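The structure under discussion appears below in the form of structure tokens.
FYI, it's all coordinate maths here, none of it is from the lab. What you see is a predicted model, and the numbers here were worked out from it, not measured in a lab. Please note: Cβ atoms are built from the backbone with ideal geometry, for glycine as well, and neighbour counts cover all protein chains shown.
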Amino acid sequence: MAGIVELQPDAPGTEYPESVIVKHGNIQAIFKNIGIPLIAALGVTFILFFPNIPLLGYFRKTLGNIALFLWGLIGFILLFSNTTTFKMSVNQQKYVVYGVIVLAFTYTLLFNIDSKEEVPPPEKEILLDVYALYNSTLTNYISSNNHSLEEETLVFSDLLTKMAVKLTELKSYTEKKTVDEIVKNTDMGMFIKAFKVMKAVKKSLVNIGWKAPKESEIQPDLKNKIDELKNTLKIIEIFNDSLVDGWGDAPIPDLARETQEQIMPYYKYVKELDTIGKDLIKKNEINDAELVYTELFNKLKVLLCENKLNFEEIIKMSKDKKTDVITADQINEIKLKAKCLGEKSLEPEKFTQNNYSSIHKNKTDSIQDLIDTKRILYVRSS
């Protein structure tokens with residue numbers, strides 16, 4: 001039949017160009033010889049696609065260098081090695097990966113110390129904005145003359161709203177769950193709540209490579225005030241209890257109950273701040289501890305120094321008690337501990353024989369007892 005070509009087998013010894021020879025198994029052999037470096041390169045590259053992994057911020061540059069060096073080594077082997085003779089054992093592959101890791105760490109240390117500062121990623125910018133917003137509000141609040149619980153609630157509830165709105169611009173960050181739990185807590189004072197959110201924001205910043213301000217040494221004056229605080233709180237507690245104790249069968253006066261209602265919110269809040277401050281000092285977080293104790297002593301001053309309590313009326317009321325009489329000396333000691341500067345001390349009431357009965361109607365104590373306990377001053381007749 002015309003047009004049909006019959007194929008004949010090649011004669012023995014026929015030579016072919018090397019380019020057309022297919023060498024089966026060479027590709028498999030190459031990948032077998034670089035399997036561990038290849039897996040390491042794929043693994044590191046995969047990790048770099050998830051920047052929010054905790055602690056990744058510390059090693060982002062180093063991991064990037066490891067991936068770069070591994071892929072460079074693999075490319076070099078594929079392009080320039082002899083595919084028929086190249087062999088690398090499993091142990092040799094491991095040593096190559098170890099060597100690349102050491103080389104990457106060394107390169108990062110040597111060549112990135114003085115490198116130009118990178119433009120912060122969006123996450124870092126937002127977290128820094130939140131941190132700056134907190135510091136700005138705190139500075140204005142501390143420098144103001146009003147540190148009452150009412151003013152604190154007003155200032156820091158507004159701050160928390162602004163911080164929350166700013167943080168919603170981030171889909172996720174390492175301490176998001178912690179921040180959400182703090183914001184939802186209804187049993188926490190606004191200053192403490194904002195402070196804890198700020199701590200979480202700082203932790204998130206550190207996780208992406210931000211360096212927190214260096215911790216300072218605790219100031220001697222603040223340290224002395226902290227050391228005295230335990231005794232101060234004890235005095236306030238005794239004073240608070242004495243308002244409602246010692247009345248016997250008589251009803252507790254409205255002034256005593258009202259005074260106790262004024263003291264308790266501040267007293268509980270100060271104790272909570274003290275607990276937080278002590279924990280921060282144990283962790284050597286002195287900068288944050290100073291913030292907490294500054295607010296604590298501001299609260300003491302509001303309670304004891306800014307005429308929140310009518311001490312003169314409390315002393316007069318206390319004279320009708322059988323026991324636990326409140327004295328000017330007790331009150332002066334409390335105000336002294338709270339550093340009520342510029343305030344005139346209350347004078348212990350002077351005693352004469354004629355006004356003894358009006359000072360202590362119940363007459364359960366002797367005159368000498370009252371003088372010895374400084375409830376009254378003895379004045380000699382001229």
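Listed values, structure above:
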read-out: Inter-site label distance for residue 211 and residue 162 at 7 Å from Cα along Cβ, in nm; value: 2.8 nm
read-out: Extension gain from residue 237 to residue 80, taking 0.36 nm per residue of separation minus the Cα-Cα distance; value: 48.3 nm
read-out: FRET efficiency, 1/(1 + (r/R0)^6) with R0 51 Å, evaluated for residue 129 and residue 319 via beta carbons; value: 0.30
read-out: Descending semi-axes in whole angstrom, ellipsoid equivalent of region 189-338, from the Cα gyration tensor; value: 38, 15, 11
read-out: Residue 109-residue 146 pseudo-label distance in nm [points 7 Å out on the Cα-to-Cβ vector]; value: 5.6 nm
read-out: Cα extents of region 122-207 along the three principal axes, largest first (Å); value: 36, 25, 19
read-out: Point-to-point label distance, residue 91-residue 287, nm (Cα→Cβ direction, 7 Å offset); value: 5.0 nm
